Amino acid sequence: MAIKNIAIGGISTECSSYSPLSQNKDDFASVRGQELLNLVDFPFLEHGINAHPLFFNKSVPGGPIERQYFDQIKNQFISEINALGKLDGILLLMHGAIYVEGIEDPEGEWISSVRKIVGPQCIISVSYDLHGQITDKIIKNIDAFAAFKTAPHVDVKETYQRSALMLTQSIIENYRPYVVWSRIPVLVSGEMSSTFVEPCKSIYQELDQYNQQNHILDCNLLVGYVWADTNRATASSVVTCTNPNSGSKVCAKIANAYWNNRHHLKFDMTYGNIEDALDWVKGDFSIIADSGDNPTAGGVGDRADILKAVLNKNLKNVLFAGIASKSAYDSIKVSNTFTIGGTFGGGGPSLNLKADSVYFKNQCAVVNISGSVIIISKLRRPFHYLQDFIDLNINLENYKILVVKSGYLSPELQSLSAPSFMALTNGSVNQDLITLKNNNRMKNTFPFQDFQDYIPEVSDGENLVNQ
Ligand SMILES: [Zn+2]
């Protein structure tokens, strides 16, 4: 059998349309070559498939992508595909929550451009984040689809491999799968739809059972991304199948399961405002999540709202990890005074402070002030791994409170088993959803509107499919 050829690549980020920051090439890291093959880690060659790595560009979530950069990187992707000649398949690694001013459906643009260049015969298999958005334009241009089934995400590589397996099987067994989808008019934050607690835990477990049915290859529920005010923003169910009617039945069942549980979607953590959070702290070591400014969801990460409250209350042994401020980082290099809070444009209070002591490491200033410590990072970044603290010579045992820019805690922070509280703070990813500006989302989307009537419609991207 002649060797088959596929390409691998894509782009991944989340863009809050409420963020004042825009993203361009400086925000993205590019994974290429063997590193990209390692990321997917699938034995293509054993199946007689030559996998050509293109690039996978990924950023810390943020604001809208600049139009010029989006067009340029998409065109580069297309020209790299073109340079490979005829392809039997392509594995697209996407997230699904890009926002570009003036482009209604950025992933749809990307994927349809790929389809145009690879032609109708090439199998396109897509891997997605469950916080991504789906449209008819996306579905009609793809042949297989798999999204993460865990949030927080602990199945990233497995998801790449599900997409890679469907791609490989359809190429070597010479068949073409179908993808069907249904829009579900529900849009909540990831913090309200963790797959580790009910109701999503059971709904996601059901996906694995549906996967056992005849003609069903891969079932998905996408929660969507709530902090972009766009028409395409909703949850969705997506099924890859070998028979569209079988796929359609399952797709509608998943949509109904999520819809019927919409009133049960709620935060998996104790939550309240900043005052509530500081009053709640009692034990030896507790974690407060500054959720409205969480950079891994698209927040700026520069706000000092909780810092201000802690200083006003004169609390000691609090570790802030971190607050992003290039200007504060630069000024503390030359003097012990600095201004922090909203210096990247994220808003909130601006504080003029004086450091008692400071040291610098990994583009961070670790500042001691009034018995607490602030990690001032030169760049926007999360502190979600325990190694982040070890790298800065910080021992968490020395603190009473850890304040992180986060929504639900990362798996490593959860592993500390510390009492945790989600502060519903202001910022680009505000969890108080119904207060968000809502000009473009489809009317009748829960919880922006509460309504009763919903019957799932399943589409193959061009036509409705009978259930
Ligand atoms: Zn996600």
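The values are calculated or read from the model by the stated rules, or taken from the named source; none is laboratory data. Note that the structure is a prediction, hence the values are computed from the model and not measured. Quick reminder, even Gly has a Cβ in these numbers, built from the backbone with ideal geometry, and neighbours come from all protein chains shown.
List of remarks:
- Taken over the stretch 105-135, the residue count meeting the criterion of being within 11 Å of the ligand (Cβ to nearest atom) and part of a loop (DSSP other than H, G, I, E, B) is 4.
- Members of the stretch 110-131 that are in contact with a Gly (Cβ under 8 Å, 6 or more places away or on another chain) and more than 16 Å from residue 91 (Cβ to Cβ): 131
- Residue 14 being away from the ligand (no atom under 16 Å from the Cβ) and in the same structural domain as residue 165 (by TED's automatic domain parsing): no
- Residue list for the stretch 39-56, restricted to those being over 11 Å from residue 168 (Cβ atoms) and of a type in the set (D, E, K, R): 41
- Of residues in the stretch 192-225 being under 21 Å from the mean Cα position of the chain (by Cα) and among the charged types (D, E, K, R), the one nearest to residue 270 (Cα to Cα): 198
- Residues in the stretch 427-441 that are surrounded by 19 or more Cβ atoms within 10 Å (Cβ to Cβ) and under 23 Å from residue 308 (Cβ atoms): 427, 428, 429, 430, 431.
- Scanning the stretch 57-99 for residues that are under 20 Å from the mean Cα position of the chain (by Cα), more than 16 Å from the ligand (Cβ to nearest atom), part of a strand (DSSP E or B) and surrounded by 23 or more Cβ atoms within 10 Å (Cβ to Cβ) returns 65, 91, 92.
- Residues that are on the phi > 0 side of the Ramachandran plot and surrounded by fewer than 19 Cβ atoms within 10 Å (Cβ to Cβ), drawn from the stretch 287-333: 314, 317
- Test result for residue 444, farther than 21 Å from residue 190 by Cβ, in contact with a Phe, Trp or Tyr (Cβ under 9 Å, 6 or more places away or on another chain) and outside the structural domain of residue 313 (by TED's automatic domain parsing): yes
- Counting only residues that are assigned to a loop (DSSP other than H, G, I, E, B) and more than 16 Å from the ligand (Cβ to nearest atom), the stretch 136-180 holds 8 of them.
- Test for residue 207: is it within 16 Å of the ligand (Cβ to nearest atom) and modelled with pLDDT of 95 or more: no
- Of the numbered criteria (1) modelled with pLDDT under 95; (2) among the hydrophobic types (A, V, I, L, M, F, W, C); (3) within 16 Å of residue 16 (Cβ to Cβ), the one residue 434 fails is (3).
- Of the strands (runs of 3 or more DSSP E) lying entirely inside the stretch 192-286, those carrying at least 2 residues that are surrounded by 16 or more Cβ atoms within 10 Å (Cβ to Cβ) are 216-222, 235-241.
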